[in-house]
Amino acid sequence: MKTGPTGCPTSPSASPPSSSSPSSCAPSPCARSAPTRWPACPSKTDPPFSLPMSSHNDTSDGPILRDHVYDGIQEYDQKLPNWWLFTWYITMVWFVIAWVAYYQLGRGDSDVEQIDKAIAAVEKHRDEELAALDDDKLWEMSKDAKVVEAGKAIYSTTCVACHAPDLSAHIAGVKLPGLPLNDSEWKHGGAPTQILNIIRKGAPDLTKGMPPWEPQLGIQRVVEVTAFLLSHHEKGKPVTLAADSPLKTGG
């Protein structure tokens, strides 16, 4: 048996269909002209059925799709927007310039230098704030309820173990390691700036006195604690030095 150009079986003795015979012109699945993308008669070796693809250059019907399907997944082939492309190009050019300038020519600060500069700026700002603090300013802050409340919270978590909740350095008659902070006698000076500095830098003899708290608290919290302590005292009230005060001997 032979097959015709459409892949359908034909008989050797078959004659061409007569134009006068209506039945000979009846369309059949194999006689139809097949779409350009599909075989006339699918076989077992043909790819699985999938939707027709749009032409690569034809954008009139919607998104552009590549002419293949994997696991039923179609891939778009759209042109990227110009703004996206130019942003990408500029990024690549900038990377090359930055790499050459920073890593090859040594322009700009390294990470260590940037950190050092940042630390120096913080220290400078701290010194400027400290320079603006004097006894009068600290006394004024001790009257600010918000500042005092913040200092009380810090004192309750940081200082109470050595100086007691009531600043007396005693709990139930037991002497605590710290000194009383609610009387007029001070070992390292009772002026507001002296109290501030002893909290910041600690006692001269760190083995017997309090440690410096500025590294842990920061200058702002140290100022708030100082204001809280001063709120238990009155401005202008006489201050005396303890008998073992290093200030008496110039220490």
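Calculated FRET efficiency, LEU85 to ASP111, Cβ-Cβ distance, R0 = 30 Å: about 0.40 to the nearest 0.05. Rounded to two decimals, the Cα-based Rg/Rh of the stretch 60-108, with Kirkwood Rh, is 1.34. Across the stretch 119-241, the mean sequence separation of Cα contacts (distance under 8 Å, 6 or more residues apart), normalised by length, yields a relative contact order of 32 percent. Given their separation in residues at 0.36 nm each and the Cα-Cα distance between them, ALA153 and ALA121 gain 8.7 nm when the chain is fully extended. Throw me the Rg/Rh for the stretch 119-241, computed over C-alpha atoms with Kirkwood Rh, two decimals. When Rh is taken as the Kirkwood radius, the ratio is 0.95.
Taking the Cα centre of the stretch 119-241 as origin and assigning +1 to Lys and Arg Cβ atoms and -1 to Asp and Glu Cβ atoms, the resulting dipole is close to 300 debye.
At each listed q (0.23, 0.26, 0.32, 0.34 Å⁻¹), what is the log10 of I(q)/I(0) that the Debye formula gives for the stretch 206-249 modelled as equal alpha-carbon point scatterers? For the requested q values the scattering log ratios are -1.02, -1.01, -1.00, -1.03. Partner aspartates and glutamates whose Cα lies under 16 Å from the Cα of LYS175, excluding those fewer than 8 positions away in the same chain, are identified as ASP166, ASP183.
Just so you know, all these numbers are worked out from the coordinates, no wet-lab data involved. Note that the coordinates shown come from a computational prediction; the quantities given were computed from them, not determined experimentally. Positions of Cβ are backbone-derived with ideal geometry, glycine not excepted, and every protein chain shown enters the neighbour counts.
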